[in-house]
Amino acid sequence: MKSATNASGSGTSLYVHVPFCVVKCGYCDFNSYVVEDRTVHDLFLDALAIELRREWRFGPPVSVFIGGGTPSLLDPERLERFFDILEQAVPLRDCAEVTMEANPESLTEEKARLARARGVNRMSMGVQSFQARHLRFLDRAHSAEKAASAFAALRAAGHTNVSIDLIFGIPGETAGEWADDLERALAFGPDHLSCYNLTFEPGTRLHRDLQQGKVEPNDEEVDRAMFLHTRERLLAAGFDAYEVSNFAGRGGPSRHNDHYWLQGDYVGVGPGASSHRAGVRSTNLKAVEAWANALLAGQPASASAETLRPAQRFAEAIWLGIRRRDGLDVGAAAQRIGVDAGLATAVTEQHVRAGWIQNDGSRIRLTATGLLLADRVGGDYLEIGLSR
Ligand SMILES: C[S@@+](CC[C@H](N)C(=O)[O-])C[C@H]1O[C@@H](n2cnc3c(N)ncnc32)[C@H](O)[C@@H]1O
Ligand code: SF4
């Protein structure tokens with residue numbers, strides 16, 4: 001089978017976290033804050049300049065991902081300054097993929113043009129749903145109409161690689177509503193789609209509501225039907241299901257995500273951002289002021305660092321790799337990390353018997369049934385890393 005990507009996992013990617021949002025969505029556990037005081041945006045930019053100068057010393061990145069939070073929330077002047085800072089430390093123009101996340105409520109054609117002029121060649125917009133009641137349930141600050149006009153603004157600004165994020169499995173959502181969401185997203189003509197099954201993340205308002213019995217999760221069978229419909233419909237529309245939740249159209253797969261799934265090195269800057277370099281994982285201080293003040297005082301911005309044990313890295317390589325359509329070459333991963341490939345044999349044999357994993361002798365990947373159980377199957381592989 002032809003590889004869906006030309007990613008190799010070598011080189012280093014850059015992730016830049018912009019931690020501000022218009023509202024805090026009840027389902028979201030990303031490190032993001034509603035901050036009215038715009039001087040905090042300036043503090044963020046001051047500290048970002050220091051962190052980038054300190055942390056990026058790798059030449060052109062494999063990919064850059066400007067995520068959040070909501071990067072499109074920065075006003076045009078601050079967005080210009082943001083790119084000035086980025087450009088001073090990183091040769092953006094030599095980078096094959098520079099993605100920026102945008103939310104419909106804050107994206108304007110002016111900002112879309114500005115981003116494109118500064119080297120962003122891939123936009124990822126969080127639409128999540130087109131149904132007014134589900135947008136309300138998710139606390140989204142935009143309407144279906146606003147999503148359409150923001151998408152049009154991206155095209156008007158000349159963006160030719162635009163991805164859309166959608167969420168399915170919202171409590172009370174019907175299969176028909178989800179099918180309608182997919183059609184409305186396809187009607188935009190996106191170049192890539194990410195379709196996530198809603199998860200109840202501990203620490204979120206949604207999770208608390210679940211525990212207090214205020215919301216009930218959707219019926220599992222309905223969620224499964226939505227998942228299967230997504231793959232079928234997007235395949236028919238010419239998309240490549242290159243990962244459990246990700247579908248590549250004309251824009252191809254996300255190089256940034258592929259690099260991450262292949263366990264490539266990456267540097268994360270911004271509050272709460274994680275980095276992974278040569279088997280060491282570190283995570284920044286989460287609060288904007290604490291992170292910024294540490295940098296301004298010349299102190300480390302990281303809150304924790306851990307050296308992953310080889311068995312842990314191997315377990316994570318499988319956990320990430322089986323989610324990709326191309327699967328994972330277990331022997332090659334074991335050799336790269338320096339462990340015995342046999343560590344995974346018992347789990348693989350068990351999952352092959354259950355019909356969840358396909359093993360062609362060198363590569364393993366999730367079967368059609370396994371795709372529906374990706375988190376559970378991945379979790380079994382992660383356990384290999386816990387005990388050794
Ligand atoms: C961190 S968000 C940033 C994007 C942007 N701020 C937005 O909200 O559109 C990235 C994506 O993760 C997905 N996501 C976040 N929390 C989720 C959850 N609990 N369940 C499923 N998908 C989730 C959403 O589709 C979202 O677009
Ligand atoms: S989903 Fe996006 S907009 Fe909502 S809180 Fe999370 S990062 Fe912010």
| note | Taking the stretch 57-77 and keeping only residues that are outside any strand (DSSP E or B), touching a strand residue (DSSP E or B) at 6+ places or on another chain (Cβ under 6 Å) and either open to solvent by 10 Å² or more (accessible area, probe 1.4 Å) or under 19 Å from HIS276 (Cα atoms) (or both), one is left with PHE58, PRO61, VAL62, SER63, GLY69, LEU73
| said: Considering only residues that are acidic (Asp, Glu) and more than 10 Å from ligand 1 (Cβ to nearest atom), which ones fall in the stretch 5-38? | reply: GLU36, ASP37
| query | What pairs can you find where one residue is in the stretch 80-94 and open to solvent by 70 Å² or more (accessible area, probe 1.4 Å), the other is not in a helix (DSSP H, G or I), and their Cβ atoms are less than 6 Å apart, with a gap of 6+ or different chains? | reply | ARG93/GLY119; ASP94/PRO60
| remark: Taking the stretch 357-376 and keeping residues open to solvent by less than 50 Å² (accessible area, probe 1.4 Å) and of a type outside the set (A, V, I, L, M, F, W, C) leaves ARG365, THR367, GLY370
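Here's the yes/no breakdown for (1) in contact with a strand residue (DSSP E or B) (Cβ under 7 Å, 6 or more places away or on another chain); (2) more than 10 Å from ligand 1 (Cβ to nearest atom); (3) assigned by TED's automatic domain parsing to the domain that holds ASP165; (4) among the small types (Gly, Ala, Ser):
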| site | (1), (2), (3), (4) |
| --- | --- |
| VAL40 | no, yes, yes, no |
| PRO91 | no, yes, yes, no |
| VAL98 | yes, yes, yes, no |
| ASN103 | yes, no, yes, no |
| Can you name the residue in the stretch 111-128 that is of a type outside the set (A, V, I, L, M) and under 15 Å from PRO190 (Cα atoms) and is also most open to solvent (accessible area, probe 1.4 Å) among such residues? | ASN121
| remark: Those strands (runs of 3 or more DSSP E) completely within the stretch 235-286 that have 2 or more residues that are closer than 21 Å to LEU372 by Cα and among the β-branched types (Val, Ile, Thr) are none
| task | Pairs only if they're at least six apart or on different chains, beta carbon under 6 angstrom, first in the stretch 140-165 and without any contact (Cβ under 8 Å) to a residue 60 or more places away in the chain and at negative phi, second within 13 Å of ligand 2 (Cβ to nearest atom) and outside any strand (DSSP E or B); list them, first residue then second. | result | HIS142/PRO104; HIS142/GLU105; LYS146/PRO104; ALA147/PRO104; ALA150/PRO104; ALA150/LEU107
| query | How many residues are touching a strand residue (DSSP E or B) at 6+ places or on another chain (Cβ under 7 Å) and among the hydroxyl-bearing types (Ser, Thr, Tyr) when one looks only at the stretch 164-215? | reply | 2
| So which of THR283, THR345 ends up being within 20 Å of ILE50 (Cα to Cα), open to solvent by 10 Å² or more (accessible area, probe 1.4 Å) and not small (Gly, Ala, Ser)? | THR283
| query | Any idea which of ALA102, ALA153, ALA96 is within 29 Å of TYR266 (Cβ to Cβ) and more than 16 Å from ligand 2 (Cβ to nearest atom)? | reply | ALA96
| field | Residue in the stretch 87-118 that is farthest from ILE50 (Cα to Cα), counting only those that are of a type in the set (A, V, I, L, M, F, W, C) and part of a helix (DSSP H, G or I) | value | ALA112
| Which pairs have Cβ atoms under 6 Å, sit 6 or more apart or on different chains, and link a residue in the stretch 17-39 that is within 19 Å of PRO104 (Cβ to Cβ) to one that is among the charged types (D, E, K, R) and more than 7 Å from ligand 1 (Cβ to nearest atom)? | VAL22/GLU105; VAL23/ASP139; CYS25/ASP139; GLY26/ASP139; GLY26/ARG205; VAL34/LYS24
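For every residue, the table says whether it meets (1) in contact (Cβ under 8 Å) with a residue 40 or more places away in the chain; (2) touching a strand residue (DSSP E or B) at 6+ places or on another chain (Cβ under 6 Å); (3) closer than 30 Å to LEU182 by Cβ; (4) among the β-branched types (Val, Ile, Thr).
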residue: LEU235; (1), (2), (3), (4): no, no, yes, no
residue: PHE247; (1), (2), (3), (4): yes, yes, yes, no
residue: ASP258; (1), (2), (3), (4): yes, no, yes, no
residue: VAL267; (1), (2), (3), (4): yes, yes, no, yes
residue: VAL280; (1), (2), (3), (4): no, yes, no, yes
residue: THR283; (1), (2), (3), (4): no, yes, no, yes
residue: VAL288; (1), (2), (3), (4): yes, no, no, yes
residue: SER304; (1), (2), (3), (4): no, yes, no, no
residue: ALA317; (1), (2), (3), (4): yes, no, no, no
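The values are calculated or read from the model by the stated rules, or taken from the named source; none is laboratory data. The model shown is predicted, which means the values in this text are computed figures rather than measured ones. Positions of Cβ are generated from backbone atoms using ideal geometry, with glycine treated the same way; all protein chains shown enter the neighbour counts. For accessibility, only protein heavy atoms count, side chains too; no ligands or nucleic acids. Shrake-Rupley method; radii C 1.70, N 1.55, O 1.52, S 1.80 Å.
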